[in-house]
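Report on the structure given below.
The values are calculated or read from the model by the stated rules, or taken from the named source; none is laboratory data. Worth saying up front: this structure is predicted, and the values here are computed from it rather than measured. No Cβ is skipped: glycine too gets one built from the backbone with ideal geometry, and neighbour counts run over all protein chains shown. For accessibility, only protein heavy atoms count, side chains too; no ligands or nucleic acids. Shrake-Rupley method; radii C 1.70, N 1.55, O 1.52, S 1.80 Å.
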Amino acid sequence: MPETRSLFETPSDEPLAARMRPTSLDDFAGQEHLIAPGRILRRIIDSDSIPSMIFWGPPGVGKTSLASIIARKTNAHFINFSAVTSGIKEIREVMKQAESNRSFGERTILFVDEIHRFNKAQQDAFLPFVEKGSIILIGATTENPSFEINGALLSRCRVFVLKPLAVEEIVKLLKRALRLLDVSASDEILEASAVFSNGDARSALSLLEMMAMNSEDGRITPEVFEQCTSRKSLLYDKSGEEHYNLISALHKSMRNSDPDAAVYWLARMLEAGEDPLYIARRIVRFASEDVGLAEPGALAMAVAAYKACHFLGMPECTVHLTQAVIHMSIAPKSNSLDVAYHAAREDALQSLAEPVPLHLRNATTRLMRELEYGKGYQFAHDYEERLTVMECLPESLRGREYYQPTEQGSEKGYKTRLESIKSWKASRR
């Protein structure tokens, strides 16, 4: 039979992550969007009005810890159930027990860790008992429940999305753990450990425990960090000058079409412990800011690299970032999109009160039609060339040109097309 109320038993010989498991929401790290005072999940737990729900998030963000807190607070019978070690037989035994509890007026909360590992038949076995209220199901998953949980079962559960912990949240947790381990470490090493864990509190605590075991006279040194992570220490402030110097060097190397330098700066950042998702986000920006329509596929590649980093994390995602960085470096360059937006922004800020021309307004009511909303609008698809001479800028800005295409790469084709459109319109005005 699955164990009941075992989530909060933490013998002294258990790993640090288990010993640090919070016993109340006040001790919980992260997820303020769900458990801060007044937030929905906190109200649900505090009032012991638990519905069937799914906790979805990456490893080490508190899914099991939340279940542990619920187990401590609830008046219901709490059962801890693992999708890794249990099958249909165990499910039936639990359901039989839940039905018995229900006949005596007792609720049963069933926590299923890694619920995505259950196949369709196993998930279906829960459905009738959830429907009639024999059990309150709490599932934890690292996979998108829309794809991994049966639709009928998912529709009966609230889904709560848990986010990776921020660096400062993990640092705070590590400082508490230092007291338990009776060792010391500098703020720089704790921050480096937090960055290295990539939002995973369990991973950060495991690293801290390993470093404590290898500490010198109760002090964790940069050398110990390097040995335990197999990488050089990230001993600079992630929000400080060196952080921005490195990302600037990467960006400017790509802009200068220097793939070798770009890959070097990429490696410098990753091997120092920089968050790969931060780098990936900067590459996504670069794809439109510095490449743009000169190579439209650059944006798709950058977004794909970001998704790969999100799915895999370090160290597997290094190759995806390398692919994106080299692609951006070699791609033809154009900053015409950035220039166009900033030029339009200047005019927009000076003309915020400028009314939308009547012919561009949407006439959704009788009154709007009486006020001639939409009158004079020309639907481009009604015309053979799919073009009209209709003016779409406000009267005071008529004739403004923000987008100035270059002749770099694919953007040369955009330039030719735009010139053709402008020529056609000019000849018919």
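Just a few scattered comments:
- The peptide list 148-158, 380-390, put in order of mean Cβ contacts within 10 Å with the highest first, becomes 148-158, 380-390.
- Net +/- balance of residues flanking residue 141 in space, Cβ distance below 13 Å, scoring K and R +1, D and E -1: -2
- For segment 252-313, the Stokes-Einstein estimate of translational diffusion at 20 °C and a viscosity of 1.002 mPa s comes to 178 µm²/s, using the Kirkwood hydrodynamic radius over alpha-carbon pairs.
- Once the Cα atoms are used to define both axes, helix 259-272 deviates from the longest principal axis of the chain by about 30 degrees.
- Relative to one another, the C-alpha centroids of segment 374-429 and segment 279-308 are positioned 27 Å apart.
- Probe 1.4 Å, all protein chains present, accessible-area order of 364, 318, 141, largest first: 364, 318, 141
- Correct option for Cα Rg over 2.2 N^0.38 Å [calculated from the coordinates] among [x] 1.58; [y] 1.04; [z] 1.31: [z]
- Furthest towards positive pole of dipole, 81, 70, 44, structure part segment 26-99, Cβ charges: 81
- Put simply, the Cα atoms of segment 174-215 extend 24, 18, 18 Å along their principal axes, the longest span coming first.
- DSSP-assigned coil residues among chymotrypsin sites (Phe, Trp or Tyr not before Pro) in segment 42-138, each with at most 11 further Cβ atoms within 10 Å: 104
- Anchor residue 120: aspartates and glutamates whose Cα lies under 16 Å away (excluding residues fewer than 8 positions away in-chain): 90, 143, 148
- Most to least accessible of 424, 265 (protein chains only, probe 1.4 Å): 265, 424
- Probe 1.4 Å, protein heavy atoms only - accessible area per residue of segment 312-370 in square angstrom: 64 Å²
- By the Cβ rule of 4.7 Å, the chain holds the following cysteines without a possible disulfide partner: 157, 228, 392.
- CD proxy at 222 nm, helix term only [per DSSP H run n ≥ 4: -39500 (n - 2.57); per residue of the chain; nearest 500]: -15000 deg cm²/dmol
- For segment 104-205: accessible area per residue (Å², 1.4 Å): 46 Å²
- Relative pair counts by distance (%), Cα atoms of segment 25-183, 10 Å bins: 10, 38, 33, 14, 4, 0
- For the listed residue pairs 333/375; 307/412; 252/307, the alpha carbons are over 32 angstrom apart in 333/375.
- The residues 422, 96, 63, sorted by heavy-atom accessible surface at 1.4 Å with ligands and nucleic acids left out, run 96, 422, 63 from largest to smallest.
- Here residue 73 is the anchor, and the lysines within straight C-alpha reach of less than 30 Å, apart from those fewer than 8 places off in the same chain, are 63, 89, 96, 132, 163, 172, 175.
- For segment 187-346, the Stokes-Einstein estimate of translational diffusion at 37 °C and a viscosity of 0.692 mPa s comes to 195 µm²/s, using the Kirkwood hydrodynamic radius over alpha-carbon pairs.
- Positive contributions from Lys and Arg (+1) and negative ones from Asp and Glu (-1), summed over other residues with Cβ under 14 Å from the Cβ of residue 261, come out at +1.
- The chain, accessible surface, carbon-and-sulfur percent (1.4 angstrom probe): 51 percent
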